[in-house]
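Enquirer: After the structure tokens below, expect a handful of questions from me.
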Amino acid sequence: MKNTKRRIEWFAFYDRCGMERHLEKMAEQGWMLTRLTGFCWQYRRITPAKLHFAITYFEEASIFDPVLPAGQRAYLAYCQKAGWHLAANSAQFQAFYSGEEDPVPIETDAATQVTNIHRVMMKSQVLAFILLLFLSIFQLVSNLQMVFAEPEIELANNMMISTISTCSLAAILCISQVLGYFLWYYRAKKAANLDGSFYDKPSGVWIGKLALFLLVLNIVFLIYAIAVSRLGIIGGMAFAVVPVVICLSLLIRNTLIHWGVPKGINRIATFTAVTVLTFVFLGSVVFVGILAGDDHALTEKEAKTKAPLLISDLRKVDRANYEIRYDRDNSCFLDRIEVEDRSKDSAVGDAPQLRYILTKIKVSAIYNACFDAIFRKNQEDYQEMSASNGYAIAKNASLWQAEKVYCLYRGSRAHPDYIVCWKDRIAEIQFYFDPTEKEIGDAARALKSY
């Protein structure tokens, strides 16, 4: 039989009465609160008892204090003398219990309680939620800009989709908590001034719980997306940056507390460490990403099942002289594969080669956005590669058995590079040779039936 247990408790920081009722029920079941670490509360087994609990907030306390401030020590001594024993505390938060049948309340004036809670909330919880909201919105806007710029790439990436939904849910969570608190504060202040009562009904709690639940599910999906991604190691490193930095910063903070470093110096040192560690780890992610590259080689056997079209499907070539580079991203919106079937010997300039990107669009509503991005990107790429204007001209689509076909031009010269549009997919094809009508038909059938 375990004598200790941990539970994840979801209470608004200012929900004093809700926490008191919860702790009283736990004591009746034989569990006493002993430690607070964020949402995780630790309990020890006791003889079931009917106890009274009181939650108070001490404004001057800080998570960086090496020892309890003198004012807080005096406050604890006062509570002890009044029959209230400290069960657990964390920075400004304090939980007391009393075994007396009708103990003298620690705080009696509702207006003072509301004012004290508001000061503590503004210094800690509200500030933290606003900072997290700013970071979530910044990341969300950055990712959405990438999606609008290259929807045919980003919407095929599960990590991008999951990151966007994670940031959205984090923003909703922050907004619900901040607005919920200010709504409670308005009602509590009004009740205290009206009849001296303490308003004990927190606002927006169910929205916060729902957002947190969905956020946890989304993080699980993000971990899955990282695990199955072609760049799993990079995604894993990027995902690990936040928890690693948090753990290291907590280690630094707690070490400085153990050494007795003043809270002001501790705060500056911890924030500096967070900043430096974040840049170091993000730089490492970028460096590993550069080394890892963005595609990988396929064997001929693997290519038969993964690549819908190879140069050997169009022309007779010696496969021993070719290598296949392959990349794929698959999400609920898009399935995008990129294949390059190229000669191993770059000196052989006349060897037929093939490169294409096939984007299968699973949600018809984003088809036009993907086509516009692909069309614009190919024209811009052609303009960058040549002093002449790069543009695309519509061609006869019947040869490709497609709805629309565009051939890319540099100046007045056409190149065997095409954008081919079928009902549910778009192909960008580069022939490093002049294909015959038969070869175009074979390529069209292979890409259309994939």
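Enquirer: Would you list which lysines come within 22 Å of Lys263, measuring only between C-alpha atoms, while excluding same-chain residues fewer than 8 positions from it?
Expert: Partners found: Lys123.
Enquirer: A follow-up question, please. Run down the aspartates and glutamates and flag those whose C-alpha is under 17 Å from the C-alpha of Lys360, throwing out any fewer than 8 positions away in its chain.
Expert: Glu150, Glu152, Glu154, Asp327, Asp329, Asp335, Glu338, Asp372, Glu403, Asp424, Glu428
Enquirer: Kirkwood Rh over alpha-carbon pairs of the chain, then Stokes-Einstein at 10 °C and 1.306 mPa s: what D in µm² s⁻¹, rounded to an integer?
Expert: 58
Enquirer: Taking only protein heavy atoms into account and a 1.4 Å probe, give the accessible area per residue of the chain in Å².
Expert: Roughly 54 Å² per residue, with all protein chains present.
Enquirer: On the Cα set of segment 1-107, report Rg and Dmax in Å, please.
Expert: Rg and Dmax of segment 1-107, Cα atoms, are 13.6, 40 Å.
Enquirer: Related question: Taking loop as defined by DSSP and a crowding limit of 10 other beta carbons within 10 Å, which trypsin sites (Lys or Arg not before Pro) in segment 416-447 fit?
Expert: In loop regions of segment 416-447 (DSSP not H, G, I, E or B), the sparsely surrounded trypsin sites (Lys or Arg not before Pro) are Lys423.
Enquirer: Quick check on the chain: helices-only [θ] at 222 nm, where DSSP H runs of length 4 and up contribute -39,500 (n - 2.57) each and the sum goes over total residues. Nearest 500, please.
Expert: -17000 deg cm²/dmol
Enquirer: Please list the helices of the chain that count as membrane-span-like by this rule: a mean Kyte-Doolittle hydropathy of at least 0.5 together with Cα atoms stretching 30 Å or more along the helix axis, each helix being a complete DSSP H run.
Expert: Result, helices passing both filters: 125-149, 158-195, 205-228, 232-258, 263-292.
Enquirer: Pop out the ³J(HN,Hα) list for segment 52-63 in order, Karplus 6.51 cos²θ - 1.76 cosθ + 1.60 with θ = phi - 60°, rounded to Hz; leave Gly and Pro as x.
Expert: Computed from phi, the couplings for segment 52-63 are 9, 10, 9, 9, 10, 10, 10, 4, 6, 6, 8, 6 Hz.
Enquirer: As an exercise, use a Förster radius of 56 Å and the Cβ-Cβ distance of His415 and Leu183 to find the FRET efficiency, rounded to the nearest 0.05.
Expert: 0.35
Enquirer: Using a 7 Å offset from the Cα along the Cα-to-Cβ direction at both Ser449 and Ala369, what is the distance between the two label points in nm, to one decimal?
Expert: Distance between the two pseudo-spin positions: 3.3 nm.
Enquirer: Lysines within cross-link reach of Lys344: Cα-Cα under 18 Å, excluding same-chain residues under 8 positions apart?
Expert: Lys301, Lys316
The values are calculated or read from the model by the stated rules, or taken from the named source; none is laboratory data. All figures in this text were calculated on a predicted structure; none of them were measured in a lab. Cβ atoms come from the backbone with ideal geometry, glycine included; neighbour counts cover every protein chain shown. Accessible surface is based on the protein model in full, side chains and every heavy atom, while ligands, DNA and RNA are left aside. Shrake-Rupley method; radii C 1.70, N 1.55, O 1.52, S 1.80 Å.
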